[in-house]
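Chemist: Please read through the structure below; I'll follow up with questions.
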Amino acid sequence: MRASERYATVLGQVLELSVLMSQDMTQSFERDGLTPSRAHLLWELHERGPSTQRVLAEALDVSPRNVTGLVDGLVATGFVTREPHPTDRRATLVCFTAHGEHIAKQFDDGRDELAEVLFAGMSERRLAGLEKGLGPVLERLRAALSETKGERP
């Protein structure tokens, strides 16, 4: 098999993996009453702790207006609240409700369960090879996306 054919085959596998992972996440989010965008905001909040909407907008790489809509939806469905910022009267903090914190914990648990399903049967050598091989691929993809983003008007 020529190198270009092999590259195409491997890329096909990576794309299928991406589609299947997306389907799995979307189904999980839907069970919890979330969209992927709202789930992403919850994940960032879980990683950062209580945050201003400006910080969340930067983390999500969206406009403050988009974050306002996402937070509004999450407040309305009981995942987060807006609380006064302790040191800045002009700002508010987005904070988890008990329900939101429970769902964020389920994100961690679900990630751990999926990792176990996918990798538990792999030999240490194969898992190390996968890890070693994916690193440079992800770096190249991030760089390509960064270059493309820089070309936007």
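All of the numbers you see were taken from the coordinates with simple rules; none came from a lab. Just so it is clear, the model here is predicted, and its values are computed rather than measured.
Chemist: In the set (1) 32, 19, 12; (2) 35, 21, 14; (3) 33, 14, 12, which value of semi-axes √(5λ) of the Cα gyration tensor in Å was calculated from the structure you see?
Modeler: This structure yields the entry labelled (2).
Chemist: Per DSSP helix of 4 or more residues, -39500 (n - 2.57); summed, then divided by the residues of the chain. What does that give at 222 nm, rounded to the nearest 500?
Modeler: -25000 deg cm²/dmol
Chemist: Also, I was wondering about something else. What is the gain in length, in nm to one decimal, between PHE119 and LEU138 on full extension, counting 0.36 nm per residue of separation less the C-alpha to C-alpha distance? Each step should come with its number before you reach the end.
Modeler: On the way: separation 19, 0.36 × 19 = 6.84 nm, distance 1.87 nm.
Using 0.36 nm per residue and subtracting the Cα-Cα distance, I get 5.0 nm.
Chemist: Which values, in whole Å and largest first, are the semi-axes of the equivalent ellipsoid of the range 74-123 obtained as the square root of 5 times each eigenvalue of the Cα gyration tensor? It would help to have the intermediate numbers written out before the result.
Modeler: Details: eigenvalues 248, 30, 8 Å².
So the three semi-axes of the range 74-123 are 35, 12, 6 Å.
Chemist: Something else about it: Can you run phi through the Karplus equation (6.51, -1.76, 1.60; θ = phi - 60°) for the range 97-108 and list ³J(HN,Hα) in whole Hz, with x for Gly and Pro?
Modeler: For the range 97-108, the Karplus-derived couplings read 7, 4, 5, x, 5, 4, 5, 4, 5, 5, 4, 4 Hz, x marking Gly and Pro.
Chemist: Continuing with this model, one more query. With θ set to phi - 60°, apply the Karplus curve 6.51 cos²θ - 1.76 cosθ + 1.60 along the range 130-135 and write out the HN-Hα couplings as whole Hz, x wherever there is a Gly or Pro.
Modeler: Per residue, the Karplus-derived 3J(HN,Hα) values read 4, 4, 5, x, 6, x Hz.
Chemist: Given the C-alpha centroids of the range 83-126 and the range 3-17, what is the distance between them in whole angstrom?
Modeler: Cα centres, the range 83-126 to the range 3-17: 31 Å.
Chemist: Given 0.36 nm per residue, what is the gain on full extension from ARG54 to VAL19 after removing their alpha carbon distance, in nm? Walk me through the numbers before you get to the answer.
Modeler: Working: separation 35, 0.36 × 35 = 12.60 nm, distance 3.07 nm.
Difference between extended and current length: 9.5 nm.
Chemist: Apply the Karplus parameterisation 6.51 cos²θ - 1.76 cosθ + 1.60, with θ equal to phi minus 60°, to every residue of the range 50-59 and state each ³J(HN,Hα) to the nearest whole Hz, in sequence, with x for glycine and proline.
Modeler: x, 9, 6, 5, 5, 4, 5, 4, 5, 5
Chemist: Related question: Can you list residues from other chains, or at least 5 along the same chain, whose modelled amide H is less than 5 Å from the amide H of THR97?
Modeler: So THR97 has HN proximity to VAL80, THR81.
Chemist: Could you state the angle between the C-alpha long axis of helix 36-48 and the longest principal axis of the C-alpha atoms of the chain, as a value from 0 to 90 degrees rounded to the nearest 10?
Modeler: 80 degrees
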